[in-house]
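Working notes, structure below.
Quick note: the coordinates plus some simple rules give every number you see, no bench work behind them. Given the structure is predicted, the values throughout are model-derived calculations rather than measurements. Every residue, glycine as well, gets a Cβ built from its backbone with ideal geometry; the counts of neighbours run over all protein chains shown.
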2 protein chains.
Amino acid sequence: MNKCDLEKQYNAYKASGTILDMSRGKPATEQLDNLSPLLTEIKRNSECYSENGMDCRNYGGLDGIPEAKSIFANILGVSSENVVVCGNSSLNIMYDTISNGYAFGLNGCEPWSRQGMVKFLCPVPGYDRHFAITSLFGFESVNIPVLKDGPDMELVRKYAENDPSVKGIWCVPKYSNPTGVTFSDKVVKEFAALKPAAKDFIVMWDNAYAVHDFNDTPDKLLSVLKEAQERGTQDLFYIYTSTSKITWSGAGISCVAMSLANKERYLKIMGIKTIGYDKLAMLRHARMLNEHLPEIMRGHGDIIRAKFELCYKYFAKLEREIEGFDFSRPNGGYFINVNVPAGKAKRVVSLAAQAGLKITPAGATFPDGIDPEDRNIRIAPTYPSLRELEDALRLFSICVLLA
Amino acid sequence: MNKCDLEKQYNAYKASGTILDMSRGKPATEQLDNLSPLLTEIKRNSECYSENGMDCRNYGGLDGIPEAKSIFANILGVSSENVVVCGNSSLNIMYDTISNGYAFGLNGCEPWSRQGMVKFLCPVPGYDRHFAITSLFGFESVNIPVLKDGPDMELVRKYAENDPSVKGIWCVPKYSNPTGVTFSDKVVKEFAALKPAAKDFIVMWDNAYAVHDFNDTPDKLLSVLKEAQERGTQDLFYIYTSTSKITWSGAGISCVAMSLANKERYLKIMGIKTIGYDKLAMLRHARMLNEHLPEIMRGHGDIIRAKFELCYKYFAKLEREIEGFDFSRPNGGYFINVNVPAGKAKRVVSLAAQAGLKITPAGATFPDGIDPEDRNIRIAPTYPSLRELEDALRLFSICVLLA
């Protein structure tokens, strides 16, 4: 297609006034509709009691109910005793962990607020909401490139093991947001073998997509807590997950798993912050997921795979046509990682926005929104319907070609 | 009864091995059972949308759904636009407010973490979980006596208006925990007229018992936000409430109401912490409470009044028999405030504990657990059944007489 035709088509989209949104990793309504039994999982007062007899309507049970701990323990490959079940947002508990370190210090160290400049390692491209938390607290972000099997561990060790002002690292170890990379066994073991210079270094291990496979060749992730326990480094790890992309994104449950020593310290502060999280939500989820987790994830997978495959079709065409365009083909998760030719990402996103297609802002996958090469674009294809997605992909292709 | 008879009875209780708990303000199972329609308030996917069309199962809507804002606005006597609806714990959002001031500063001031010693005014006797938050952050507590119509405002002004290191005050303005006192119109207006020395002074207005009347002569509380808006002091006030003692204590919803300027600043930080709180919980609550709030509170009131009246019977007898014993007769709330003769509170609680009756620890109603006169005991009679309560009151009376 020549430039003139492209511009004609682009202007037609612009004129049509259609609004499409591929900006965030939201499940589609169709996926949420599959969860309707969860609405009425608990119907009667007599069903409000957990397996250890707790009344889930009343106060009590700071670290959650046993059946919810057990669900998350299975998802994460850890023991139930390591799990604290929380509210609808795992982001919120990640924030709390950072906030605890900032105000009270971790592992008996001085609070980060009194240690001068604090640095945090940020694998890039990565999750904007992670980076926003450590930026809010004023930490300096250190970019760590994500390779095919996880973050560049040589660089991670260089910073973590030599610079005591480096206090932690953000990770999405399976189907990383946005690269789709899953950490290899070697990388997980290297994390477990880390010997940080700072006594209060922590690994923020956000295993958000632990069971979010969508094809027949799912990635496998080692349990970092088990690997760490073998090496005595278990206090480094704070492991998060949630049901946000299993059941309802806005109304699920979440958890943090950690060593027993960390858990004891964590609960001391958490017990001052709250009397406990919503145990009825835990009970509803635990009962439903205990029976139906694999089937629910297969249902989501089928819906999502179709959308990803549609994206691959369009992106493969762009890859053939444009030097410097490439994209990821993950086995699960919520994102496709697209690289356009250097210096063009902002232009593509802005062209798309002007024609009514909302994409995650270029640069958002880097700390403070700065992609040094202006190449990376995160595509979140799950929310639109297949038909809307095809429209969006046509427009996106035009924008890439125009840019 | 002579001492020998008392001891005999006390030992009989001890030997019986009965365990009774009057330590926390928990609703009785009977109250929770009245809420069963809330379990199935939303049954179908099509019912999951808020009145402005938001899908409450998905992400979005940082400050809550309109119908939930409106419920809380009515309860608090503020406008919906001032309200942010949150999760199941108002304590958690109080903690977050303090934590924000500590880490980021309020009203453009330096963070409290960098201001040296910070002081917080603590009306006593008061709520132990409030004091625990400011103590955790290392603030110095300043005791302010609670008079018949609220905190000693002369003293509040003396500290707040002269000492810039005084950064705030905890308040339970209606049916205070534990005194049962409701702030008079005069006191509310004096709060609204406060001219603190510190630009980052805040009033933590925990209106937990806003609609929790249980007899025909309920207390009335002025809307402090409206009074403050008239005087231009609205940025001082953070107003909290929850449904913890309306619906389910462990699985309700909560809110914070504030000036629009404060709300904008608050949401900026909250938007980094979370994508939003559980909107399905909000929707269930809003739909149910919109129709049935007065009837629900009448149901709770009938159950609670009977328990309070039983307490009054026993305490009136003690008041006649013992010099220095007195107690409160509130029109609502969850607590009866008991004063035993000076120096005896710890002894009474310990005697009770040894015989199987758990009472809130003596001193818990004071910062850091220190009651300078060792007189105050908080009685929380709502959780036990009437029969268990009568048992507990008999034993309590014996302990007071023995002490």
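Taking only the C-alpha atoms of segment A:342-403, the Rg (one decimal) and the largest Cα-Cα distance, Dmax (whole number), read 11.6, 34 Å. For segment B:228-267, the Kirkwood estimate of the hydrodynamic radius, built from every pair of different alpha carbons, is 11.5 Å.
Listed from fewest to most Cβ neighbours within 10 Å, the set B:Glu390, B:Glu7 follows the order B:Glu7, B:Glu390.
With +1 on the Cβ of every Lys and Arg and -1 on the Cβ of every Asp and Glu, and nothing else charged, how large is the dipole of the protein assembly as shown about its Cα centre, in debye rounded to the nearest 20? Let's see the in-between values first.
Working: 94 positive and 96 negative charges, 41 e Å.
The dipole magnitude comes to about 200 debye.
For segment A:273-403, state the semi-axes of the equivalent ellipsoid (square roots of 5 times the eigenvalues of the alpha-carbon gyration tensor), sorted largest first and rounded to whole angstrom.
Working: eigenvalues 227, 75, 33 Å².
Each semi-axis is √(5λ); the values are 34, 19, 13 Å.
Amide hydrogen proximity for A:Leu357: with H placed 1.01 Å from N in the peptide plane, the residues at 5 or more positions away or on another chain lying under 5 Å are A:Leu20.
Ascending distances from the B:Ala306 label point to its copies in the other chains, with the point 7 Å along the Cα-to-beta-carbon line: 5.7 nm. For B:Gly108, the label point sits 7 Å beyond Cα toward Cβ; its separations from the matching points on the remaining copies run 4.4 nm, from shortest to longest. Its Cα gyration tensor gives segment A:2-159 an equivalent ellipsoid. The semi-axes, each the square root of 5 times an eigenvalue, are 38, 32, 16 Å from largest down. Each distinct pair of alpha carbons in the protein assembly as shown adds a 1/r term; the inverse of their mean, the Kirkwood radius, is 28.3 Å.
Here is the link list: B:Lys3/B:Lys358; A:Lys358/B:Lys273; B:Lys14/B:Lys344; B:Lys119/B:Lys245. Which ones come out longer than 25 Å on Cα distance?
On the way: B:Lys3/B:Lys358 23 Å; A:Lys358/B:Lys273 23 Å; B:Lys14/B:Lys344 20 Å; B:Lys119/B:Lys245 30 Å.
The pairs that break the limit, which is 25 Å between Cα atoms, are B:Lys119/B:Lys245.
A simple charge model with +1 on the Cβ of Lys and Arg, -1 on the Cβ of Asp and Glu and nothing else charged puts the dipole of segment B:44-292 at about 340 debye relative to its Cα centre. Simple rule: put +1 on each Lys or Arg Cβ and -1 on each Asp or Glu Cβ in segment A:45-292, find the dipole, and look at A:Ser176, A:Asn107, A:Gly53; the Cα lying farthest toward the positive end is A:Asn107.
For segment A:45-292, report the translational diffusion coefficient in µm²/s to the nearest whole number, using Stokes-Einstein at 10 °C, 1.306 mPa s, and a Kirkwood Rh over Cα pairs. D, rounded to a whole number, is 86 µm²/s. Using a cut-off of 23 Å between Cα atoms, the listed pairs A:Lys195/A:Lys220; A:Lys279/B:Lys26; A:Lys43/B:Lys279 include A:Lys195/A:Lys220 as exceeding that distance. Counting Cβ atoms of other protein chains within 10 Å of each Cβ in A:15-28 and taking the mean gives 1. By DSSP, the beta bridges lying fully in the protein assembly as shown are antiparallel in about 45 percent of cases. Each copy carries a label point for A:Ala12 at 7 Å from Cα along the beta-carbon vector; from one copy to the others these points are 9.5 nm apart, nearest first.
For segment A:171-325, what ratio Rg/Rh do Cα atoms give with a Kirkwood hydrodynamic radius?
Here Rg/Rh amounts to 1.03.
Computed over segment A:140-248, the alpha-carbon pair-distance distribution with 10 angstrom bins reads 14, 48, 30, 7, 0, each value a whole percent. Where the centroid of each part is defined by its Cα atoms, how far is segment A:18-69 from segment A:279-299 in Å? Spelled out, the Cα-based centre of one part sits 8 Å from the other.
Taking the DSSP beta bridges with both ends in segment A:89-227, the antiparallel portion is around 15 percent.
Our helix-only sum for chain B, with -39,500 (n - 2.57) per DSSP H run of n ≥ 4 divided by its residues, gives a mean residue ellipticity at 222 nm of -13000 deg cm²/dmol. Close amide-amide hydrogen proximity is noted between B:Val142 and B:Phe120, B:Leu121, B:Cys122, each under 5 Å apart and 5 or more residues distant or on a separate chain (H modeled in the peptide plane; Pro and chain starts excluded).
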